[in-house]
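Shown next, in structure tokens, is the structure this report addresses.
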Amino acid sequence: MIRIELENRSGVAVDEGGAATLSREVLAAEGIEEGDLGIAFATPSEMRQLKARHLGIDEPTDVLSFPLDGREELPDGLPRQLGDVVLCPQVVGVEWRAPLIHGLLHLLGYDHGPDMARRESELL
């Protein structure tokens, strides 16, 4: 089972249930059926601070990923700690599905490029 901890500190309404459902669907499509995932919806200011701190770029962004365990096999009985995806509704806009998929794929080890773009289009 995928356990999702979801927090909305963005100050705007978001489809939290839809985000959780899509996350489970994407992870299942990637063969991940157990693990822990964090999803946070943040303000533009918070996203700017996170991007500056972790990537050295001082600008807001739509999505950031903070992977933990990746795709490696864990001993039986230990839940995979997938990591966290942070989205900014004010930057993402109405279409949050594509950025969420993008962030989830980063958690699983995908890098920008043709493989990631192909997989994103398959999952949309």
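The values are calculated or read from the model by the stated rules, or taken from the named source; none is laboratory data. Here the structure is a predicted model, which is why all the values come from computation and not from measurement. Methodologically, a virtual Cβ is constructed for each residue, glycine included, from the backbone with ideal geometry; neighbour enumeration extends over all protein chains shown.
Structure notes:
- Checking each residue in segment 1-46 for being among the β-branched types (V, I, T) and either touching a residue at least 40 places away in the same chain (Cβ under 8 Å) or surrounded by 13 or more Cβ atoms within 10 Å (Cβ to Cβ) (or both) picks out I2, I4, V12, V14, V26, I32, I39, T43.
- Search result, residues across segment 20-49 that are within 12 Å of L100 (Cβ to Cβ), of a type outside the set (S, T, N, Q) and outside any strand (DSSP E or B): A20, L22, R24, E25, V26, L27
- The conditions of being modelled with pLDDT under 95, polar (S, T, N, Q) and closer than 15 Å to L87 by Cα are met by T61.
- Filtering segment 78-103 to residues that are touching a residue at least 40 places away in the same chain (Cβ under 8 Å) and among the hydrophobic types (A, V, I, L, M, F, W, C) leaves L82, V85, V86, L87, C88, V91, W96, L100, I101.
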